[in-house]
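I have placed the structure first, in the form of structure tokens, so that the comments after it can refer back to it.
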Amino acid sequence: VLKMKNSEFEYISKYINSKDIIFEDEFRNLFFNMFPNRSERYYYYYLMEFYKKNILYKYDTNKLKSCSNRIKFIIDLTIEDRLEHQLMKINPTIDISIWNISLLSNFTSLQIYQDIYIVETYAYAKESVLEVLLDEGKNAIYEEDFFVMKKYNRNTTIYVIKTLNVDSPIVRKSTTKKNSRFRMPSFVTVPKIEKLFVDIFDDNFFKILFSGEINNIYMNLLKNYQINFATIFRYASKKHCYDELVNYLDHIGFDIEKGEFRWF
């Protein structure tokens with residue numbers, strides 16, 4: 001029987017909760033020592049159950065961490081269906097990532113800003129995305145025009161078009177067999193929290209937009225949410241800001257090895 005009992009989850013949770021970090025090999029050995037009747041063949045199924053029940057999350061390469069009080073950071077696509085449909089019709093097929101800065105408003109005093117959507121796509125497709133947004137009656141601009149525009153459009157919803165890095169951590173579409181007779185629709189999705197984590201640190205647009213709020217954003221994300229540092233470090237390396245980000249996290253008192261602030 002694959003399904004695990006609640007008593008089994010509770011039994012292993014006590015051990016996990018006593019540690020800041022647990023290495024994957026250590027967890028695997030612990031699991032089969034505690035439950036020798038479980039088949040090693042189904043190890044990853046069991047591990048997924050721990051993820052689903054918010055007992056464990058993937059913290060870094062070969063490192064797991066107890067969820068404790070940390071929850072998943074959920075990013076939903078909040079544009080209307082018609083706009084999503086129009087964006088999906090863009091040809092050739094492209095990826096588009098969309099989120100609203102209100103996602104971070106609980107961590108900041110961002111209420112001072114108007115409703116701002118960040119719309120990212122590949123550099124060659126930005127004009128196509130802009131045309132769709134304008135055709136749908138949206139107040140859409142390229143990021144370089146934003147800080148001039150916002151002076152004159154304080155209370156309107158603005159769609160800011162930015163360039164999407166090919167290696168960006170976005171929620172990728174599931175790989176299905178392509179039927180060569182039909183064109184695949186463009187893919188409209190959301191970023192992962194790890195992408196925002198790096199972009200807010202490295203991207204001048206966000207540095208200006210969030211300015212004095214950046215420390216608050218990081219403190220809240222690191223204390224309250226499940227963050228995958230393997231994803232963060234991979235993306236930060238692609239954006240050439242890995243060393244600076246590690247130094248910044250150390251500066252604000254975050255111990256990367258343990259995944260905890262040093263003074264809490």
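The values are calculated or read from the model by the stated rules, or taken from the named source; none is laboratory data. These numbers were taken from a predicted model, which means no experiment stands behind them. Positions of Cβ are backbone-derived with ideal geometry, glycine not excepted, and every protein chain shown enters the neighbour counts. Remember, those area values only see protein heavy atoms, side chains included, never the ligands or the DNA or RNA. Shrake-Rupley method; radii C 1.70, N 1.55, O 1.52, S 1.80 Å.
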### Query
On full extension of the chain, what length is gained from Ser105 through Met34, given 0.36 nm per residue of separation minus the C-alpha to C-alpha distance?
21.2 nm
### Query
Given a 1.4 Å probe, how much area per residue of the chain is accessible, in Å²?
55
### Query
Which entry is the computed mean projected area of the Cα convex hull in nm² for this structure: (1) 17.2; (2) 12.2; (3) 15.0?
(1)
### Query
Counting other Cβ atoms within 10 Å of each Cβ, which GluC sites (Glu not before Pro) in the stretch 1-101 have at most 15 and sit in a DSSP loop?
Glu80
### Task
Keeping every protein chain in place, order Thr157, Thr189 by accessible area at 1.4 Å, biggest value first, i.e. largest first.
Thr157, Thr189
### Query
So for the pair Phe261, Met184, with labels modelled 7 Å out along Cα→Cβ, what separation do we get in nm?
4.2
### Message
Within the stretch 89-151, count lysine pairs with alpha carbon atoms under 19 angstrom apart where the residues are 8 or more positions apart or belong to different chains.
### Response
5
### Message
With an 8 Å Cα cut-off and a minimum separation of 6 or more residues, compute the relative contact order for the chain in percent.
### Response
21
## Note on the structure
Rounded to the nearest 5, the percent of antiparallel DSSP beta bridges in the stretch 48-207 equals 45
### Task
Give the cross-link partners of Lys72 among the lysines, using a straight C-alpha distance below 19 Å as the criterion and excluding same-chain residues fewer than 8 apart.
Lys52, Lys53, Lys58, Lys63, Lys192, Lys195, Lys223, Lys258
### Cα-based convex hull, the stretch 193-249, per residue volume (Å³, whole number)
73
### Message
Can you give me the distance in nm between label points at Asn155 and Tyr44, each placed 7 Å from the Cα along the Cα-to-Cβ direction?
### Response
5.4
### Estimated [θ] at 222 nm from DSSP helical runs (n ≥ 4, -39500 (n - 2.57)) normalised by residues in the chain, nearest 500
-11500 deg cm²/dmol
#### Entry: Residue (of Phe210, Tyr15, Val132) at the positive-pole extreme of the chain, dipole from beta-carbon charges
Tyr15
### Query
Out of the stretch 155-264, which GluC sites (Glu not before Pro) are coil in DSSP terms and have no more than 12 other C-beta atoms within 10 Å?
Glu257
### the chain - percent of accessible surface contributed by carbon and sulfur, probe 1.4 Å
49
### Message
For the stretch 188-250, what does the relative contact order come out to in percent, with C-alpha contacts under 8 Å and a separation of six or more?
### Response
40
### Query
So, in nm, how far is label Glu127 from label Ser237 when the simple model puts each one 7 Å beyond its Cα toward the Cβ?
3.6
### Summary
Over all directions, the stretch 1-98 yields a Cα convex hull whose mean projected area in nm² is 9.5
#### Entry: 5 angstrom amide H check on Lys63, placed H, neighbours 5+ away
Glu24
### Query
If the label point is 7 Å along Cα→Cβ of Tyr11, which residues in the stretch 29-54 have backbone nitrogen under 12 Å from it?
31-38
